[in-house]
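One structure is given here, and the rest of the page talks about it.
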Amino acid sequence: MPYTVGFNHVATLTTDLERHAEVYKQAFGAEVTFQMKAEEDHPAMFILDLGGAFLNVFEVTVDEIIGNRRQQGGRGAIDHFALAVESRDELEVAKDRIVAAGGDVGEIQQLGNEWSLFFRDIDGMELEVCAPVDAG
């Protein structure tokens, strides 16, 4: 039995904190719960609450985003993260909201016992939203 109860946060990079926050607010209803200005030894950052899952987002230049953001396994230390919704219907709503926020989305597909929707965020990072497949 796992000792942990999920993840606390995922840290990721962006080239524009304000734009990043607006897209995640529009697509997922996310809220910025903490902001920090850049300091000599630390980039500007914010913490986004996605409903119990958090993103710690650091603002860097495009040259500081390491990896090939279009190649799975080559995207740097964090390949991708998945957000969870409770149903296929909510996944359809998430897809519409991501499109309305200007996101680049794929098709909903079934991967094992999960519905999966891959999309690209404003910095080109491929991410995922998942929902359980209804057993009934």
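Looking at the stretch 72-86, can you tell me whether even one residue there is farther than 18 Å from His20 by Cα, aliphatic (A, V, I, L, M), loosely packed, with under 13 Cβ neighbours inside 10 Å and at pLDDT below 85?
yes
Among the strands (runs of 3 or more DSSP E) lying completely within the stretch 10-94, list those that include at least 3 residues that are under 28 Å from Asp134 (Cα atoms).
Ranges flagged: 82-84.
Out of all the residues in the stretch 77-110, which are farther than 30 Å from Glu64 by Cα and of a type in the set (Gly, Ala, Ser)?
Ser87
Checking Gly102 against (1) touching an Asp or Glu at 6+ places or on another chain (Cβ under 9 Å); (2) of a type outside the set (A, V, I, L, M, F, W, C); (3) assigned to a loop (DSSP other than H, G, I, E, B), which test does it fail?
The single condition Gly102 does not satisfy is (1).
The values are calculated or read from the model by the stated rules, or taken from the named source; none is laboratory data. Just so we're clear, the structure is a prediction, and the values are computed from it rather than from any experiment. Using ideal geometry, Cβ is built from the backbone for each residue, glycine included, and neighbour counts are taken over all protein chains shown.
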